[in-house]
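Here's the structure, in structure tokens; my notes come after.
The values are calculated or read from the model by the stated rules, or taken from the named source; none is laboratory data. Keep in mind that what you see is a predicted model, and the values were worked out from it rather than measured. With ideal geometry, Cβ positions are generated from the backbone for all residues, glycine too; neighbour counts draw on all protein chains shown.
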Amino acid sequence: MKKKKDQPAPINAELFRQALDGVIPLPPSNRISLAQPLRRVMPRGTVISTHLIEDTLSDNDAGGDVPTEFLRSGMSRMTLRKLRRGRWPMQDTLDLHGFHSDAARKLLLEFLRDAAQHSLHFVCVIHGKGWQAGGKEGVLKSRVRHWLSQYSEVLAFCEAPLNAGGSGAVWVLLKAGGQSSNILDK
């Protein structure tokens, strides 16, 4: 049975106090806070900056299956395992929902360059699942993953777990200014 909005809400404060009588508060959390706060995700319709970024990424992907993970040659498989398990704290996120391919490529390049300049190592790129008719994968999903594999500062990427976007996002491990070895040891 639905409540009518006109009925006054019962006063629950006294009942709540009675229910909590004798409860001992939990001790403070022993969680580690992030070294720097996450930046806000770029909303739809964000205007792309006018300064030039060298665009060396190709849109010509194989057109086959979309890779769920990537590991730069010379990197240990253990690195990819740590990435999949979320070993490092997330430092930044880019949301490409609603962007066309050209705008998404420019934003991704700007984001990756900015992340490298700020020595970020672990970032998330949200591209969406983008299902097409006939069960094909989305264009942006396949292109973002193809672009990431072309970018020299990307050491590895993997599909995010279900609670972090699943197949609609990738977790990316960056070299970030040649300091990749010390982050991988952690």
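A compact table of results
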item	result
Pair list, Cβ under 9 Å, 6 or more apart: region 69-86 residue assigned to a strand (DSSP E or B), other residue loosely packed, with under 11 Cβ neighbours inside 10 Å and of a type outside the set (A, V, I, L, M, F, W, C)	Leu71/Arg77
Considering residues of region 167-186 that are at pLDDT 85 or above and not in a strand (DSSP E or B) only, the residue farthest from the chain's Cα centre (by Cα)	Lys175
Meets criteria (in a loop (DSSP other than H, G, I, E, B), buried (at least 17 other Cβ atoms within 10 Å of the Cβ) and modelled with pLDDT of 90 or more) for Leu120	yes
Filtered residues of region 88-102 (kept if touching a residue at least 24 places away in the same chain (Cβ under 8 Å), more than 12 Å from the chain's Cα centre (by Cα) and surrounded by fewer than 15 Cβ atoms within 10 Å (Cβ to Cβ))	Gly98, Ser101
Filter result (touching a Lys or Arg at 6+ places or on another chain (Cβ under 7 Å) and of a type in the set (Ser, Thr, Tyr)) within region 66-110	Ser101
Any hit, region 90-97, residues being over 30 Å from Arg31 (Cα atoms) and either assigned to a loop (DSSP other than H, G, I, E, B) or at pLDDT 85 or above (or both)	yes
Single unsatisfied condition, Ser142 versus (1) in contact with a strand residue (DSSP E or B) (Cβ under 7 Å, 6 or more places away or on another chain); (2) modelled with pLDDT of 65 or more; (3) closer than 21 Å to Glu153 by Cα	(1)
Pick from region 1-31, criterion small (Gly, Ala, Ser) and modelled with pLDDT of 75 or more, ranking: surrounded by the most Cβ atoms within 10 Å (Cβ to Cβ)	Ala19
